[in-house]
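Student: Could you have a look at this structure, given as structure tokens, before my questions?
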Amino acid sequence: MDLLEFSKQVVVPDDFDARFYEKSHPEVVGFYRQGAIEQGVSNEHRLYFHFVKYGRRGGYFKNSVEQKIVQAFFRHRFDPSHVAGDFDEIFYEKMYRESTQYYQPFCQHNGIQSRERLYHHYKYLKRLSPLMIFKNERELADHFRFIEAPKVKIIPPARLAVVVHAYYEDIWENELSKELKLIDIDFDLYVSVPASNPELARKIKSEFPGSEVLLVDNRGADILPFLEILKGIVAGSRAYDFVLKLHTKKTATGNFLLTTYLRRGCYRNMCGNLGFILSMMRGDDQLGMVGAPHTRIILHREEDYANSRNFDWVRERLGILDDRIDFIFGTMFMIRFEICKELAVGDIIGRDIFQDGHQPDGTTAHAFERIFASVVRDHNKRIALLDELIPIDEG
Amino acid sequence: MLEPKIYYYIVCHDPRLIDECEKSVSGKLPGLQYVLVGRQPYSSVLDREKMIVCNELSDNIEHLPNLCSFTAWYAIRKNRLPTDGYVCLLEYDSKVGTNFDSINKRLLSEQTNNRFMLGYLKAPVDHPVFLKSTPWLEISLRQELNIDLASLVACHKQKNPFWITTTNVTIPWSIFSDFVDWYLPLTKTFARDPWGVFVQERALYVYSVLHHLEIKFSEVQILDHAESKSHGLVDLYGDFLKLRGSGVFNHEMESDYDVLYRYFIETMTHGSS
């Protein structure tokens, strides 16, 4: 409806104070001003047209009484004295991007500061999912901290393959290669590196002389390279008991801080407790897969993040029965070789099903993140996180 | 005459509260099961047989975080946990008397048909607590069913002057399952807003009058509701009273509250919050 039609069809209600509206919201002064004059539309109608079209949804007020009542309510609702002293609003907004919009227009027009508004959002989210909501970086770091498991001997010794996709050179150099060097258990290292970075491949070879380094296309994120390495292992008739899958996880589009702490937590907890994990898996045939603490996620199929369409498509293609979206996120875990090698047999997974380059969530590679867990369950094995395996210290 | 078959459920969002709750209802509700909503990890001393974890059921709406009790109702209905008799759904912070089950059974036996809902706590329907607790009741009814809430109440308040406060009810299975199916489309309007949780108990009244059900109440007090609000949710009405530093709503507040309520109705209808 245009202004002229609006002025003919709509009666301006008594409680709309045009003078107040224009005075309180200076940007409306010029709104359709000339057009209204030319079309003989009253100033009241012109301003009410703005209110209906834009003002109301932006939280604008129609009179001073409304303004007074609503602002008092908002000041009470977003009371600064309720905000915890250690709440870091800059960290919080970076972590939970949806918070930027939370009551934004309401607060903007009611003199509420970002800090109070964002803290309100924090309280709201904390109620919904208390385990993954942090009010400052210290809490996030603590969540993914290193948990030291008891030192144990692995009897009999396990044959271990560590399979790494090293896409980001900086993460390899500064974090992952250092963690791998601290491992005091025998393992074979397989690393996939983007074909565009042969220099990194040479570097890895010289750092880890016994390693096998494979140059790969930038396709299928860390998943396709993992499957190709598995394929090579199977084709070479090599066999292992367990496979530790790691990669230089980083995000350009997602939550940078969460990804950083998750990645470091995975490296430290998996590499630093390797002996314990292997011994637990050795001692429990039912244990098919182990992840770092706080990395298990269960999703409803309808959730956007569930990626259920791709998940079902891959399941069907591979003949996987388990359809639960209950997996270790970040795709860094220890898995039994006998289970994961099935994914590398024959040509059930063609390269064509994976997308090129970096993709946000929702791709075939992301569906695989969910598939590994289903394969484990199809083998009637269970999935556990490291901290669930550590005995509680009775002392 | 056969005793009515009642399936007792207590809905709880925090596993830590279950053991406490069990102490207070122990032995009073035969066959009682706890329905856990939300995604918190649980470690109760209870037998797993006494627990229903919605997130573990094949059909659940745990991805809609603000529906609280309805998440349990939905899971019970869609997974066809019972398929007959009566369903008695209680909130975790309700205290039931020792005679709850026997009085409940007597009340059900007295009914001549299955077209009713039985509540334990009541309040007048022509009051802001019903009409304006949350903007979402009015908005969802208008948007999804083209129903004007004020007119509906004006039309039915003489015959049905009270609504069942809280979601503590006993309902014949067929009515319960039909209510869940009727209510589900409404939730799409408010499922992602914290004030959405306050719609369900009010919608029971709307559903009842639209479907010509009788709204029955226990004449003796066999249930008390502590309103622990451990989920931290307060409705618009409650927040307004807090702002005014008052426990009760009086007539001087009416016009101010109406301005506030209208402000939210209009801004939320425009799709911003």
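Student: Out of A:L200, A:L182, I need the residue that is exposed (fewer than 13 other Cβ atoms within 10 Å of the Cβ) and either in contact (Cβ under 8 Å) with a residue 40 or more places away in the chain or touching a strand residue (DSSP E or B) at 6+ places or on another chain (Cβ under 7 Å) (or both). Which one?
Tutor: Unique residue meeting the criteria: A:L182.
Student: Sticking with this structure for a sec: Please verify whether A:R324 is at pLDDT 75 or above and out of contact with any strand residue (DSSP E or B) (no Cβ under 6 Å at 6 or more places or on another chain), treating the condition exactly as stated.
Tutor: yes
Student: So if I check each of B:S109, B:S151, B:S102, which one is touching a residue at least 12 places away in the same chain (Cβ under 8 Å) and either among the small types (G, A, S) or in contact with a Leu (Cβ under 6 Å, 6 or more places away or on another chain) (or both)?
Tutor: Just one listed residue meets the conditions, B:S109.
Student: For A:E38, work out the one condition from (1) under 30 Å from A:T260 (Cα atoms); (2) without any contact (Cβ under 8 Å) to a residue 24 or more places away in the chain it doesn't fulfil.
Tutor: Here A:E38 clears every test but (1).
Student: Here's a follow-up. Could you check region A:190-223 and list, in sequence order, the residues that are on the phi > 0 side of the Ramachandran plot and not hydrophobic (A, V, I, L, M, F, W, C)?
Tutor: A:G220
Student: State whether the residues of region A:62-82 include one that is away from chain B (no Cβ under 14 Å), part of a loop (DSSP other than H, G, I, E, B) and not acidic (D, E).
Tutor: Checked region A:62-82: no residue is away from chain B (no Cβ under 14 Å), part of a loop (DSSP other than H, G, I, E, B) and not acidic (D, E).
Student: Among the residues of region B:230-256, count how many are within 14 Å of chain A (Cβ to nearest Cβ) and either part of a helix (DSSP H, G or I) or closer than 17 Å to B:A123 by Cβ (or both). Break it down into steps so the answer makes sense when it comes.
Tutor: Step one: of region B:230-256, the residues within 14 Å of chain A (Cβ to nearest Cβ) are B:230-246, B:252-256.
Retained after the next criterion (residues that are either part of a helix (DSSP H, G or I) or closer than 17 Å to B:A123 by Cβ (or both)): B:235-243, B:252-256.
Selection size over region B:230-256: 14.
Student: For region A:134-192, enumerate the residues that are among the acidic types (D, E) and in a loop (DSSP other than H, G, I, E, B). Explain how you work it out, then say what you get.
Tutor: Taking region A:134-192 first, the residues among the acidic types (D, E) are A:137, A:139, A:142, A:148, A:169-170, A:173, A:175, A:179, A:184, A:186, A:188.
Result: A:E148, A:D184, A:D186.
Student: Further, regarding this structure: Inspect all residues belonging to region A:214-237 and state whether any of them is among the basic types (K, R) and over 30 Å from the mean Cα position of the chain (by Cα).
Tutor: no
Student: Just name the residue that is modelled with the lowest pLDDT out of those in region B:33-56 that are away from chain A (no Cβ under 14 Å) and either assigned to a helix (DSSP H, G or I) or closer than 15 Å to B:L67 by Cα (or both).
Tutor: Among them, the one singled out is B:R48.
Residue by residue, here is whether (1) among the hydrophobic types (A, V, I, L, M, F, W, C); (2) crowded, with 22+ Cβ neighbours inside 10 Å holds:
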| site | (1), (2) |
| --- | --- |
| B:F162 | yes, no |
| B:I171 | yes, yes |
| B:W182 | yes, no |
| B:G196 | no, yes |
| B:E201 | no, yes |
| B:Y205 | no, yes |
| B:L210 | yes, no |
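Student: Considering only region B:257-268, state which residues are in contact (Cβ under 8 Å) with a residue 12 or more places away in the chain and either touching a helix residue (DSSP H, G or I) at 6+ places or on another chain (Cβ under 6 Å) or part of a loop (DSSP other than H, G, I, E, B) (or both).
Tutor: Of region B:257-268, the ones in contact (Cβ under 8 Å) with a residue 12 or more places away in the chain are B:257-258, B:260-261, B:264-265, B:268.
Within region B:257-268, B:Y257, B:L260, B:F264, B:I265, B:M268 meet the criteria.
Student: Filter region A:45-61 down to residues that are part of a helix (DSSP H, G or I) and within 12 Å of A:D15 (Cα to Cα), then give me how many there are. Spell out the reasoning first.
Tutor: The initial filter retains those residues of region A:45-61 that are part of a helix (DSSP H, G or I), namely A:45-55.
Now narrow it down to the ones that are within 12 Å of A:D15 (Cα to Cα): A:48.
Within region A:45-61, residues that are part of a helix (DSSP H, G or I) and within 12 Å of A:D15 (Cα to Cα) number 1.
Student: So, in region A:167-189, exactly how many residues are within 23 Å of A:S279 (Cβ to Cβ) and out of contact with any Phe, Trp or Tyr (no Cβ under 6 Å at 6 or more places or on another chain)?
Tutor: 9
Student: Within region A:98-121, can you find the residues that are more than 11 Å from chain B (Cβ to nearest Cβ) and closer than 19 Å to A:N136 by Cα?
Tutor: A:S99, A:T100, A:Q113, A:S114, A:R115, A:E116, A:R117, A:L118, A:Y119 - these are the residues of region A:98-121 that are more than 11 Å from chain B (Cβ to nearest Cβ) and closer than 19 Å to A:N136 by Cα.
Student: Would you say A:K53 is more than 14 Å from A:H109 (Cα to Cα), within 14 Å of chain B (Cβ to nearest Cβ) and either without any contact (Cβ under 8 Å) to a residue 24 or more places away in the chain or of a type in the set (F, W, Y) (or both)?
Tutor: Considered against the rule, which asks whether it is more than 14 Å from A:H109 (Cα to Cα), within 14 Å of chain B (Cβ to nearest Cβ) and either without any contact (Cβ under 8 Å) to a residue 24 or more places away in the chain or of a type in the set (F, W, Y) (or both), A:K53 comes out as yes.
Student: Which condition number in (1) within 13 Å of another protein chain (Cβ to nearest Cβ); (2) touching a residue at least 12 places away in the same chain (Cβ under 8 Å); (3) among the small types (G, A, S) is the one that B:A226 fails?
Tutor: Unmet condition: (1).
Student: Turning to a different aspect of this structure: If a residue has to be more than 19 Å from A:R115 (Cβ to Cβ), surrounded by 15 or more Cβ atoms within 10 Å (Cβ to Cβ) and not polar (S, T, N, Q) to count, how many in region A:65-81 make the cut? Walk me through it before giving the result.
Tutor: Filtering region A:65-81 down to residues more than 19 Å from A:R115 (Cβ to Cβ) leaves A:65-70, A:72.
Narrowing the set further to residues that are surrounded by 15 or more Cβ atoms within 10 Å (Cβ to Cβ) leaves A:65-67, A:69-70, A:72.
In the following step, the residues that additionally are not polar (S, T, N, Q) were identified as A:65-66, A:69-70, A:72.
Residues in region A:65-81 being more than 19 Å from A:R115 (Cβ to Cβ), surrounded by 15 or more Cβ atoms within 10 Å (Cβ to Cβ) and not polar (S, T, N, Q): 5 in total.
Student: Turning to a different aspect of this structure: Looking at this structure, is A:R264 modelled with pLDDT of 95 or more, assigned by TED's automatic domain parsing to the domain that holds A:N380 and surrounded by fewer than 18 Cβ atoms within 10 Å (Cβ to Cβ)?
Tutor: no
Student: Between B:V206, B:V180, which is outside any loop (DSSP other than H, G, I, E, B) and within 12 Å of the chain's Cα centre (by Cα)?
Tutor: Unique residue meeting the criteria: B:V180.
The values are calculated or read from the model by the stated rules, or taken from the named source; none is laboratory data. Fair warning: this is a prediction, and the values are worked out from it, not measured in the lab. Counting neighbours? That spans all protein chains shown, and the Cβs are built from the backbone with ideal geometry, glycine included.
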